[in-house]
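A short worksheet on the structure shown next.
Every number in this text was worked out from the coordinates using simple rules, so none of it is lab data. These numbers come from a predicted model, not from an experiment. Cβ: placed from backbone, ideal geometry, glycine included. Neighbour counts: every protein chain shown.
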Amino acid sequence: MRGSGPELAEIVRRYGPAYRSAFGAVLPLEHRRAMAAVEACRTARLGGHVDACDACGHTAISYNSCRNRHCPKCQASARSRWVEARRTELLPVPYFHVVFTLPAPLAELALQNKRLLYGLLLSAASRALLTIAADPKHLGGRIGSLAVLHTWGQNLLHHPHLHCIVPGGGLSPDRRRWISCRPGFFLPVRILSRLFRRLFLDGLVTAFRAGRLRFFGSLAPLADPAPMAAFVAPLARTDWVVYAKPPSVGPEHVLAYLGRYTHRVALSNSRILSLDDGAVAFRWKDYRHANRERVMTLGATEFLRRFLLHVLPNGFPRIRHYGLLANRHRARNLALCRALLTPLPPGPDPPAPEDSRPCAASSPETPMPRQRLCPVCHHGPLHRRPLLPAPWDTS
């Protein structure tokens, strides 16, 4: 459902300059870049093109998008392209959705060490999945997973967690058979949680001893070993939240899951309701009270601060593949999995001799490019020509 209010870009344009002035030199470069991209998205500042009809003279201007991964306008098309590319990679098995969440005391530390702790979250969760699945007491096979990092809750506060989409089974150690998980059950979440906790805390302590962690503000005392040990100790005794949702029942449901989680941003334009007197109102779901939909109102400065909490470090990949789905050998592994899961069809006819094959250019199967028609007169062809940025903009 679309919101009736302004878009994020309007909020950034109106209140971004004051926000930049207020935070000055402490505003990270990634935040400045994200704000600039959202402001300029689909405006003359980024240039564009003109579609013109030869018959009726109709013209339409389309401005370029910023393609920034934090911009809500740019994610719909990016998501559809990415999901379509994944369509051919699905296996004919149930898929499970496993979520790993960092405890609240680690959220502030993660904010001050995004690249390190987000990377540690991804690696600890993937290693826990691969290790438990490889254990013969549980599955005894090598699995694959797709992991997507989210850092927000519905109220825009910092809430780092990981969504993992995992096929319900894996290859045997000798790679000669497919091992399916039990119907409706993937891996024991309590064991996953404990191993995930241990792997993450081991990595955290190792990073601390190597001097790779940074501490500011209220966390500055943790730079000393004794306070840091006191900080870590209770985390090693508490239960960390890991849960697995019921398996999806078919490839289309898997694609729906992928589309829902892979290219989501902290706040979509559809959730913004109003911008009045420097206050932004937006819809959010209260998961602690039966997913009840509520409205939250924040000052524009606080709204921008919360939104920018979720800007990722430059170049940090928030979507990663592990195990059988790791990029380097994914195509080969998927082909083997399909061969083990599906009976081989009859072999194809032998290929025709090289000189008797039809030329691709003359083949009737080669599609011809379709000519776009004018949306006004419906018969004149549209011609596209570039539109240069406005002369007053040199950014």
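Can you classify the stretch 237-286 as rounded, prolate or oblate using the Cα gyration tensor, where a ≥ b ≥ c are the square roots of its eigenvalues, rounded means a/c under 1.5, and otherwise it's prolate if a/b beats b/c and oblate if not? Oblate. Calculated over the stretch 91-171, the projected area of the Cα convex hull averaged across directions stands at 6.1 nm².
Estimated from the Cβ-Cβ distance and a Förster radius of 25 angstrom, the FRET efficiency linking Trp82 and Arg194 is about 0.15.
Once both labels are positioned 7 Å from their Cα atoms along Cα-to-Cβ, the gap between Arg385 and Leu341 label points is 5.2 nm. Where in the stretch 180-208 does the amide nitrogen come within less than 17 Å of the point 7 Å from the Cα of Thr131, taken along Cα to Cβ? Answer for this model: 187-207. Across the stretch 284-342, Cα-Cα pairs more than 19 Å apart make up 65 percent of the total.
Find the relative contact order for the chain and round it to a whole percent, using C-alpha pairs within less than 8 Å whose residues are 6+ positions apart.
Numbers: 577 pairs, mean separation 106.3, N = 395.
Contact order relative to length: 27 percent.
The lysines within cross-link reach of Lys137, meaning a Cα-to-Cα straight distance under 26 Å and a gap of 8 or more places when in the same chain, are Lys245. For the stretch 147-284, the alpha carbon positions stretch 54, 48, 23 Å along the principal axes, listed from largest to smallest. Taken about its Cα centre, the chain carries a charge dipole of about 840 debye when Lys and Arg each add +1 at the Cβ and Asp and Glu each add -1 at the Cβ. Semi-axis lengths, largest first, of the ellipsoid equivalent to the chain are 39, 37, 19 Å, with √(5λ) applied to each eigenvalue of the Cα gyration tensor. Panel order for Tyr15, Tyr243, Tyr63, Tyr95, by other beta carbons found within 10 Å of each beta carbon, from fewest to most: Tyr243, Tyr63, Tyr15, Tyr95. Looking at the square roots a ≥ b ≥ c of the eigenvalues of the Cα gyration tensor of the stretch 20-96, which shape do they give, rounded for a/c under 1.5, prolate if a/b is larger than b/c, or oblate? Oblate shape, in that a/c is at least 1.5 and b/c is the bigger or equal ratio.
Here the ratio of the Cα radius of gyration of the stretch 275-318 to 2.2 N^0.38 Å is 1.48. The calculated 222 nm mean residue ellipticity attributable to helices in the chain amounts to -10500 deg cm²/dmol, summing -39500 (n - 2.57) over DSSP H runs of n ≥ 4 and dividing by all residues.
The slack between Arg214 and His49, meaning 0.36 nm per residue of separation minus the straight C-alpha distance, is 54.8 nm.
Starting from the Cα-Cα distance between Thr297 and Cys56, subtract it from 0.36 nm times their residue separation and give me the gain in nm to one decimal.
This chain segment gains 82.0 nm when fully extended.
Given axes a ≥ b ≥ c from the Cα gyration tensor, I'd like to know whether the stretch 1-139 is rounded (a/c under 1.5), prolate (a/b larger than b/c) or oblate. Oblate is the answer for the stretch 1-139, as a/c is 1.5 or above yet b/c matches or exceeds a/b.
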